[in-house]
Amino acid sequence: MEIYLIFRIAVVGILVSLLNQILKQSNRDELAFLTSLAGLLLVMFWLLPYINKLFSTIKDLFAMI
């Protein structure tokens, strides 16, 4: 399951970089920025459950000490 997430993040990164290059070539810098922001937000929403699990694990670890 985790390897699938890594592949999805890689695909989003490749697509966002291609779209950025195309949009910058056509002088659409604002759209290129929004595309980067949308890709970042998409990946962050995918990673949010894992970040939450990490903080829960750290909290439980320090509660044991």
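Observations on the structure shown:
- Residues in the stretch 12-39 that are of a type in the set (Gly, Ala, Ser), surrounded by 14 or more Cβ atoms within 10 Å (Cβ to Cβ) and within 14 Å of the chain's Cα centre (by Cα): SER36, GLY39.
- Inter-residue pairs, beta-carbon under 8 Å, first within 12 Å of VAL12 (Cα to Cα) and in the stretch 24-51, second among the aromatic types (Phe, Trp, Tyr), 6+ apart: none
- Filter result for ASN52 (more than 25 Å from GLU2 (Cα to Cα) and of a type in the set (S, T, N, Q)): no
- Residue match in the stretch 40-47 (condition: more than 10 Å from the chain's Cα centre (by Cα), aliphatic (A, V, I, L, M) and surrounded by 10 or more Cβ atoms within 10 Å (Cβ to Cβ)): no
- Test: residue in the stretch 4-11 that is within 16 Å of the chain's Cα centre (by Cα), loosely packed, with under 11 Cβ neighbours inside 10 Å and small (Gly, Ala, Ser): yes
Read the figures in this text as sums done on the coordinates, not as results from a lab. All values reported here derive from a predicted model rather than from experimental measurement. Glycine also receives a Cβ, built like all others from the backbone with ideal geometry; neighbour counts cover every protein chain displayed.
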